[in-house]
Amino acid sequence: MAAKRRILIAGNWKMNGLKKDARSLAGALGTKMSKLKSKPEFEMLVCPPAALLGPVLDAVKGKGIAVGGQDCHANEGGAHTGDTSAALLKSMGCKYAIVGHSERRTDHAETDAMVKAKAEAAHKAGLSAIVCIGETLKQREAGRTKSTNKKQLAGSLPEGATARNTVIAYEPVWAIGTGKVATPAQAQEVHALIRAELAAAIGEAEAAKMRILYGGSMKPGNAAELLALPDVDGGLIGGASLTVADFWGIAQAV
Ligand code: PGA
């Protein structure tokens, strides 16, 4: 029997927005959430830039919207100028930390081992880690989609990963911010592969409960068919998380 997994609609704001934009976006989402008559079938998460965590946490207080960091450092503290620890995110009121986003892997040369260490730091601080993996266009065209995702998952999966403390995000790099979305068949194929790999790594029961998000040009117009796929348990949404209409539109597709 398929496990019931609560859909996670996660907004990754990346390095976008100023204080006023963050307040108004988070505030408007909060208003939408408070108008719902019953508990939604989805969990909503927003991940603003680190400097905007405070205003966003204030704006969504009591509105049933979780807040997360876009990254965290592998160490608990110390001489790491410009970085943010998982413990700090937790102390602010965050529930999640995204780790290993392809933009961090590229911009900051993050390796699978670093991503794994960050996810473990997130766990230690009491956060859930959203571990991102995904192939580039070159890897897909070379027929290396499966091997790339398998390797990244094996290298990035934190020790002690459970369905409670870990979410996987499959984000084909060629689909991020490009408007080129994976077809339902492409997405389901990789999501099923990830679940099978998780079953081998952490056991079938835990793998059946773990959420696997799709990310890459998810929009209100394509969300319904992606979110209906058997192994897609939510979205990690960049561009379309920056406007209330688009982000709410995706949540409505659940
Ligand atoms: P996108 O970004 O929705 O703008 O493609 C997704 C992501 O990078 O998380």
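Observations
- By the Kirkwood approach, averaging reciprocal distances over each pair of separate Cα atoms, the stretch 6-70 gets a hydrodynamic radius of 11.8 Å.
- Comparing Cα centroids, the stretch 23-48 and the stretch 219-240 end up 17 angstrom apart.
- Within the chain, helix-based [θ] at 222 nm, where runs of 4 or more DSSP H residues each add -39,500 (n - 2.57), nearest 500: -12500 deg cm²/dmol
- The largest accessible area among V244, V46 belongs to the first residue in V244, V46, and the rest follow in falling order (1.4 Å probe, all chains).
- Expected-Rg normalisation [2.2 N^0.38 Å, Cα atoms] applied to the stretch 71-195: 1.07
- With the convex hull of its Cα atoms as the shape, the stretch 131-174 has an orientation-averaged projected area of 2.9 nm².
- For the stretch 76-132, averaging the sequence separation of C-alpha pairs within contact (under 8 Å, six or more residues apart) and dividing by the residue count gives a relative contact order of 44 percent.
- Springs between Cα atoms under 10 Å define the GNM used for the chain, and in it the highest mean-square fluctuation of S91, S241, S128 occurs at S91.
- Mean sequence separation of contacting Cα pairs (under 8 Å, at least six apart), scaled by the length of the chain, corresponds to a relative contact order of 20 percent.
- Label-point gap, in nm, between Q186 and K209 - each point 7 angstrom along Cα→Cβ: 3.3
- For the options K63, K95, K37, a Gaussian network treatment of the chain with springs between C-alpha atoms closer than 10 Å singles out K37 as fluctuating the most.
- Using equal-weight Cα scatterers in the Debye expression, the normalised intensity of the chain in log10 at q = 0.10 Å⁻¹ is -0.43.
- The stretch 35-92 - charge dipole about Cα centre, Lys and Arg +1 at Cβ, Asp and Glu -1, debye rounded to 20: 460
- Taking the square roots of 5 times each eigenvalue of the Cα gyration tensor of the stretch 1-149, largest first, gives ellipsoid semi-axes of 27, 21, 15 Å.
- For the stretch 155-241, GluC sites (Glu not before Pro) meeting the loop criterion (DSSP other than H, G, I, E, B) and having at most 16 other Cβ atoms within 10 Å: E159.
- Using alpha carbons only, the radius of gyration of the stretch 123-247 set against its Kirkwood radius gives Rg/Rh = 0.96.
- For the chain, built as a Gaussian network whose Cα springs stay under 10 Å, the top-fluctuating residue of G235, G93, G203: G203
The values are calculated or read from the model by the stated rules, or taken from the named source; none is laboratory data. This structure is a prediction, so every number in the text was calculated from the model and none was measured. With ideal geometry, Cβ positions are generated from the backbone for all residues, glycine too; neighbour counts draw on all protein chains shown. Please note that ligands, DNA and RNA were not included when accessible areas were found on the heavy atoms of the full protein model with its side chains. Shrake-Rupley method; radii C 1.70, N 1.55, O 1.52, S 1.80 Å.
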